[in-house]
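Comments concern the structure below.
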Amino acid sequence: MTWVTRVKQAFSSREAFLKAIETREVDGENKADFNEDLLPTEPERRSWGWVHFFTYYLTTSFSPTSYNLGASLASIGLQWWHTLIASVIASIFLSIVVVLNSRGATRYHVGFPVIARSSAGPRGAKFFIFVRGAVAVIFFSTNLYYGGMLMAILLRCIFGTAWDSIPNHLPADAGITSANLLAFFIYWFFQMALMFVHPIMLRHIFIIKAFYCTIALFVVLGWAIHQNNGSIGNFNFDGQVILSGSQLVWPMISAINSVCAALCPILINQPDIARYAQQPYQATWSQTLGIFISKILIMFLSAGTTSAAQGFLGTSYWNVWDLYDAILTTYWGPGARAGIFFACFGMVLAILATNAGTNSLPAGADMSGLLPRYINIVRGQIICGLLGPLFFPWKIIANASSFLTFLSSYTVFLMPICGIMVVDYWLIRHGNLHVPSLYSRELGTPYVYWKGWNLRAIAAWAVGTAFVIHGVAGRLDASLTGQASKDMYKLGFLLSFCMGAGVYYLGCLVFPERIYPEGREGQPQTWEYMADSEGFFEGESLDTIRMRGGILNGVKMERDIEREPSPLLQQSFDNTMRLIGSAQLE
């Protein structure tokens, strides 16, 4: 059948169109609980080694968001070495959570939308997925704006005064100029190209980015020190009020919380990349090392470059594109244009990779979990990419400081989920998951709970969120809450995580959960007993999931790809046909 015939057939009716856009492996007549990206990752597709996990987290922090974080920390009275201490402490917390939340995925090779079903149930998991997916799309949009601003400087390096001469036809309240809007969509075009890349292949860009971006940042720092007569400066920034003694306690706590919050969204979706690990240990120490190095390094590089540049520019430029634009304007010429192009290209590459790995990839996986019949990871990434400009991120950045406060406070919505997942895997189930049951809604399976909802998890999330959410009001309007509420918000990362985890654990103690399916209660519950078989009992395999999804109900198997059915699936099909034939004869 030619592609022309397929297109005509697809548009022949609504039913034909929906059938045509189904993903490759999906329940035929059932409520879809899997597709090719939600099924456990097969051994030949586990391609992420330690270097990929290391560079993934190393490069996540090499972005304008983390670079500019030093400005907010300096504004609350912290010196540069305070921020380094805060980064070390935060890295310890982050490393612990990353290792804990990635363990299940490295052993059972399923992503966040699937492993969340063990703690929340199939319907409850969709709620958790929606909460995480919403913030991923919005953060993707704001990062598009950051990339567009850096692209504008890069284009100014290439075209010189011709770029500066582009007339502005937009009103002042638009929040963006015509030239910057053009740069935004040029950057978006390159970002969209990465939306078509599956995570298995996306790993390579993190290595390239880690190498290039690290060199570019150090080169800019070295040049700034050279221009400042060999001095890195005194780290006394414009308008900074230095605190000391007991005054530092809550600002330091706030700094630790801010550093942790910067990685909060991807902590939840950690299984979406850990599932591709070749070996479990490759996703532990490598990520821990990447977090430690990147968090400390980016704080030093941003503070050091700002301090040195202040010596010859006369102003503290914490915003990376403002700094590069100021250098380009002050030292305009072939050398400055070439140098800033080199540096700016590194940051553009940084945002491209970071936005793909930490926003569109999780959003794609989340959308796949919400609508598996029609959306796989790549399709979800494409949808995320198309939605990005529709949020008008230049408006968000320019005019909605309260909305940005809401985004930065999203940790209170996400960390209870993370705490619930960690407790469920480590303390309640002792690392034992029955993988076929994760794709089933049949009564007697351990993850169905009450109509697909684990009320313990939902209650724990609500308590963990409510315990800290009132502090957001204090950030929007200081007069709305007392000091105690504001201080609790500064501990939002840890408090929301601990409250969600604690309430869930207590709920499971009072109302114990089933560990294994009905009829298998006698199986050992020792630590990760099921992990050696990757969550399958003897005689089970991926075909067990596919059959439960309904091979007789029309499971769609690798559409348009010729392949022989597995012996187990073929034997089960033949036996079923014999039974049907016998019943007809009787």
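Quantify how much of the Cα-Cα distance distribution of the range 418-536 extends past 18 Å, in percent.
Working: 4136 of 7021 pairs.
Percent of Cα pairs beyond 18 Å in the range 418-536: 59.
If you wrap the Cα atoms of the range 1-108 in a convex hull and average its projected area over all directions, you get 12.7 nm².
For the chain, the longest principal axis of the Cα atoms and the long axis of helix 377-387 meet at an angle of about 40 degrees. Measuring nothing but alpha carbons in the range 33-92 and taking Rh as the Kirkwood radius, the Rg to Rh ratio lands at 1.23.
May I ask for the angle, rounded to the nearest 10°, between helix 199-227 and the longest principal axis of the chain, with both axes built from Cα atoms and the value confined to 0 to 90°? The angle comes out near 10 degrees.
Rounded to the nearest 0.05, what FRET efficiency do residue 278 and residue 370 give with R0 = 22 Å and r taken as the Cβ-Cβ distance? Could you check?
Working: r = 29 Å, r/R0 = 1.31.
According to the calculation, E is roughly 0.15.
Remark: the range 172-179, residue by residue, has Karplus-estimated 3J(HN,Hα) of 4, 7, 5, x, 7, 8, 4, 5 Hz, where x stands for each Gly or Pro and the curve is 6.51 cos²θ - 1.76 cosθ + 1.60 at θ = phi - 60°.
The share of accessible area on the range 1-104 that comes from carbon and sulfur is 66 percent, using a 1.4 angstrom probe.
Over the chain, DSSP H runs of length four or greater, each weighted -39,500 (n - 2.57), average out per residue to a 222 nm ellipticity of -21000 deg cm²/dmol. In this label model, residue 178 and residue 510 are separated by 6.5 nm, measuring between points 7 Å along each Cα→Cβ vector.
For the range 34-160, the spread of Cα positions along the three principal axes, ordered from largest to smallest, is 50, 40, 31 Å.
Give me the 1.4 Å probe accessible area per residue for the range 206-330, excluding ligands and nucleic acids, in Å².
On the way: 4640 Å² over 125 residues.
That works out to 37 Å² for each residue.
Taking only the alpha carbons of the range 311-375, we obtain Rg and Dmax values of 18.7, 58 Å in that order.
Amide H contacts of residue 26 (H built 1.01 Å from N, in plane; Pro and chain starts excluded): 556 sit under 5 Å, all sequence-distant by 5 or more or on other chains. Taking the C-alpha atoms only, the angle from helix 361-370 to the longest principal axis of the chain is near 30 degrees. Quick one: grab the alpha carbon gyration tensor of the range 177-234, order the square roots of its eigenvalues as a ≥ b ≥ c, and give me rounded if a/c is under 1.5, else prolate or oblate depending on whether a/b is larger than b/c. In terms of gyration-tensor shape, oblate.
Quick check: residue separation of residue 466 and residue 533 times 0.36 nm, minus the Cα distance between them. What number comes out in nm? Can you show the working numbers first?
Numbers: separation 67, 0.36 × 67 = 24.12 nm, distance 3.95 nm.
Length gained, residue 466 through residue 533: 20.2 nm.
Does the range 197-263 come out rounded, prolate or oblate, given a ≥ b ≥ c as the square roots of the eigenvalues of its C-alpha gyration tensor, rounded meaning a/c under 1.5 and, failing that, prolate meaning a/b above b/c? Cα axes put the range 197-263 in the oblate bin. Whole-Hz Karplus values for the range 497-508 come out as 5, 5, 5, x, 5, x, 5, 5, 4, 5, x, 6 Hz, taken residue by residue from phi with 6.51 cos²θ - 1.76 cosθ + 1.60 and θ = phi - 60°; glycine and proline positions read x. For the pair residue 443 and residue 159, a Förster radius of 60 Å applied to the C-beta separation gives a FRET efficiency near 0.35, rounded to the nearest 0.05. Taking 0.36 nm per residue of separation and subtracting the Cα-Cα distance, full extension of the segment from residue 190 to residue 42 would add 50.2 nm.
When N is the residue count of the range 338-395, what does its C-alpha Rg come to as a fraction of 2.2 N^0.38 Å? Please list the in-between numbers first.
Numbers: Rg = 14.4 Å, N = 58, 2.2 N^0.38 = 10.3 Å.
Normalised Rg, Cα atoms only: 1.40.
Using the Cβ-Cβ distance between residue 484 and residue 75 with R0 set to 30 Å, the FRET efficiency works out to roughly 0.85.
Let me make sure I get this right: for the range 441-510, a, b and c are the square roots of the gyration tensor eigenvalues over alpha carbons, sorted descending. Under 1.5 in a/c it's rounded, otherwise prolate if a/b > b/c, else oblate. Which is it? It is prolate, given that a/c is not under 1.5 and a/b is the larger ratio.
Modelled spin-label separation between residue 476 and residue 2, with each label point placed 7 Å from Cα along the Cα-to-Cβ direction: 5.9 nm. Ellipsoid fit via the Cα gyration tensor, the range 131-290: semi-axes of 31, 28, 20 Å, each the root of five times an eigenvalue, largest first.
Extending 7 Å from the Cα toward the beta-carbon at both residue 386 and residue 88 defines two label points whose distance is 4.9 nm.
For the chain, the alpha carbon positions stretch 95, 61, 42 Å along the principal axes, listed from largest to smallest. Taken one residue at a time, the phi angles of the range 423-440 give Karplus couplings (6.51, -1.76, 1.60, θ = phi - 60°) of 5, 4, 6, 7, 9, 8, 9, 6, x, 10, 10, 9, 4, x, 5, 5, 10, 10 Hz. Gly and Pro are set to x.
The values are calculated or read from the model by the stated rules, or taken from the named source; none is laboratory data. The model shown is predicted, which means the values in this text are computed figures rather than measured ones. All Cβ positions, glycine included, derive from the backbone under ideal geometry; neighbour counts span all protein chains shown. In case anyone asks, the SASA skips ligands and DNA or RNA and just uses the protein heavy atoms, side chains included. Shrake-Rupley method; radii C 1.70, N 1.55, O 1.52, S 1.80 Å.
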